[in-house]
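Structure, as structure tokens:
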Amino acid sequence: MSDIAVLINTAVAVLAAVVLIVRFRVNPVIALVIGSVYLGLAVGLGVEKTVETITSGFGEIMVEVGLLIAFGVLMGSILNQSGAIRRLVEHLLSTFGPKRLPYTMGLAIGTVLQSIFLDVLLVISAPLARKLAPKIGKLGTARMATAMAIALECGIVFTVPGVASLALAGLLNVPLGKMLLFGLLLVIPTIIISIAIMTFLFRRGFWSEAKDEDHTFVEEEDREGEEESDGGTSQSAPGQSAGSGQGNGGADARPGRGTVTVAERERKQAPLLLLFAPLLTSLLLIGAGAILQILNIDLPWLQLLGEPVIALLIGLIGTCLVTRAAIGQEKVEQAITVGFKESGQILILTGVGGSLAATVAAAGLGDILGGFFSASTVAPLLVVWAIAAVLHIAVGSVTLSAITAAGLLAPIAPAIGLDPVLLALAAGAGSLFMVHVTSNTFWLLQSLLGQSVRGALKSVTVGVSVASVVAILLILPMSLLF
């Protein structure tokens, strides 16, 4: 089959999957499998080879990241149940002062809190951010909403153990320690620069309190939070974070309402550093393993502990033990149940992304594109960024668009000598472009932070798009150095 025919059939397969998802509301997993089947048959792989390629692609990526995603999500669910996430956000925001609140919260959410399922992390931290926004001043809501949007979306694609970063690393065979180091090098300046750019725009009149903030909604939310506090939301199920996050945060902080103060509560609870110690230990072990590999140092015991699966297993066991002493075995088991539910959909979507990537590779697209890009490593990075951006605008899923775009160009990395970690980061950056009304995160940020739809289009859609552009502009010079 000619090169042009392979390119056309690949484009048809991807467009068909997009149309099925957007127009006919077909589940993304089913749509991607249909696209993979079409591509395999259209390029002449045959029935048996097509099915074998799809199933082997699914299995290979599960070998790479299946346990990693499960362990990461489980740790996040347990930390959420223990109240550690809420306490950390409260502590950071009260320590660094009003002027640094957006940057502090953004960096915390985009780095150390990425083991938490995105929606859960959002509903825990949003009420706290909303209450602290007035302390910043006139643009408090705009800056806090933008910081949260940028950090949440950047963290999930760049920072290990964010689920999209794990999926991209597995899909492109990037060592997880390397993904961790390069992701941190990218996500920290991306968050800081993007928040600074949006703050500059807001101060130049890009934000209107009258039109971009929903003050009525905020007042109603505050009244509901007080009612929930009185009603004792501490008995909420682990998955019902919106109410529990607001109720617990508000009740504990109000002396004189028959509840303990923050300081009294902290004295009665397990130390915050102790609760996060297992997760931090896991990340340090993964990072140490990557450094040993880069420096060609042979320390078998540390290499074992630095293997991502072993490191995250150690973190999960440690998190279970520490939180069991703090909140009891029953609540730990409840959190694990919730974590399994959250990780299931992520695992299947990631595996299907691997199926599409394997079918694309079997169709020979890698050799074709490798010839086009043989003279440049910059061009494929821009192409994968653009593909991920277009897919995200159409489908509305950051993870799905990143995985699909990376899968399409994964075969070219070895052919042109491009480091796959840069391809992973570029796909992640592109998938951030134009978070809009098709995204669940958009509506959660709009409602929980008291914004109008117009305001959310500025803080979320424009803010995260700025981060997408900033990230690819930082990735391009990295491609010249590594």
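Here are a few things to note about the model shown:
- In summary, residue 46 fulfils each of the numbered conditions (1) farther than 23 Å from residue 390 by Cα; (2) buried (at least 22 other Cβ atoms within 10 Å of the Cβ); (3) not hydroxyl-bearing (Ser, Thr, Tyr) with the single exception of condition (2).
- Some residue of region 301-309 being open to solvent by 10 Å² or more (accessible area, probe 1.4 Å), hydrophobic (A, V, I, L, M, F, W, C) and in contact (Cβ under 8 Å) with a residue 24 or more places away in the chain: yes
- Scanning region 31-56 for residues that are free of Cβ contacts under 8 Å to residues at least 60 places away in the same chain, of a type in the set (A, V, I, L, M) and more than 14 Å from residue 352 (Cα to Cα) yields 41, 42, 47.
- Filter result for the condition that a residue is in contact (Cβ under 8 Å) with a residue 60 or more places away in the chain, more than 30 Å from residue 325 (Cα to Cα) and buried (at least 24 other Cβ atoms within 10 Å of the Cβ), over 165, 77: 165
- Exclusive hit being within 24 Å of residue 78 (Cβ to Cβ) and either assigned to a helix (DSSP H, G or I) or at pLDDT 85 or above (or both), set 205, 225, 239, 250: 250
- Residue 318 vs. criteria buried (at least 16 other Cβ atoms within 10 Å of the Cβ) and modelled with pLDDT under 85: no
- One residue from 208, 194, 125 being among the polar types (S, T, N, Q), more than 23 Å from residue 307 (Cα to Cα) and open to solvent by 10 Å² or more (accessible area, probe 1.4 Å): 208
- Taken together, the residues in region 308-343 that are over 29 Å from residue 289 (Cα atoms) and of a type in the set (S, T, N, Q) amount to 3.
- Residues that are open to solvent by 30 Å² or more (accessible area, probe 1.4 Å), part of a helix (DSSP H, G or I), under 29 Å from residue 49 (Cβ atoms) and at pLDDT below 85, drawn from region 359-394: 361, 367, 371, 372
- Scoring residue 30 on the criteria (1) more than 30 Å from the chain's Cα centre (by Cα); (2) among the hydrophobic types (A, V, I, L, M, F, W, C); (3) exposed (fewer than 14 other Cβ atoms within 10 Å of the Cβ); (4) within 21 Å of residue 392 (Cα to Cα) leaves a single failure, condition (1).
- Yes/no for residue 87 being surrounded by 15 or more Cβ atoms within 10 Å (Cβ to Cβ), of a type in the set (Lys, Arg) and more than 20 Å from the chain's Cα centre (by Cα): yes
- The residue that is modelled with the lowest pLDDT, among those in region 395-405 that are over 12 Å from residue 157 (Cα atoms) and outside any loop (DSSP other than H, G, I, E, B), is 395.
- Residues that are of a type in the set (Gly, Ala, Ser) and either open to solvent by 10 Å² or more (accessible area, probe 1.4 Å) or part of a helix (DSSP H, G or I) (or both) within region 449-464 comprise 452, 455, 456, 459, 463, listed in sequence order.
- Of the residues screened, residue 479 is one that is among the small types (Gly, Ala, Ser) and surrounded by fewer than 21 Cβ atoms within 10 Å (Cβ to Cβ).
- Annotation note: Cβ proximity below 9 Å between a residue of region 311-340 that is in contact (Cβ under 8 Å) with a residue 40 or more places away in the chain and a residue that is of a type in the set (D, E, K, R) (sequence gap 6+ or interchain) occurs for 323/331; 331/324; 332/324.
The values are calculated or read from the model by the stated rules, or taken from the named source; none is laboratory data. What you are looking at is a predicted structure, and each value in this text was computed from that prediction instead of being measured. Don't worry about glycine lacking a Cβ; one is built from the backbone with ideal geometry, like all the others, and counts go over all protein chains shown. Accessible surface is based on the protein model in full, side chains and every heavy atom, while ligands, DNA and RNA are left aside. Shrake-Rupley method; radii C 1.70, N 1.55, O 1.52, S 1.80 Å.
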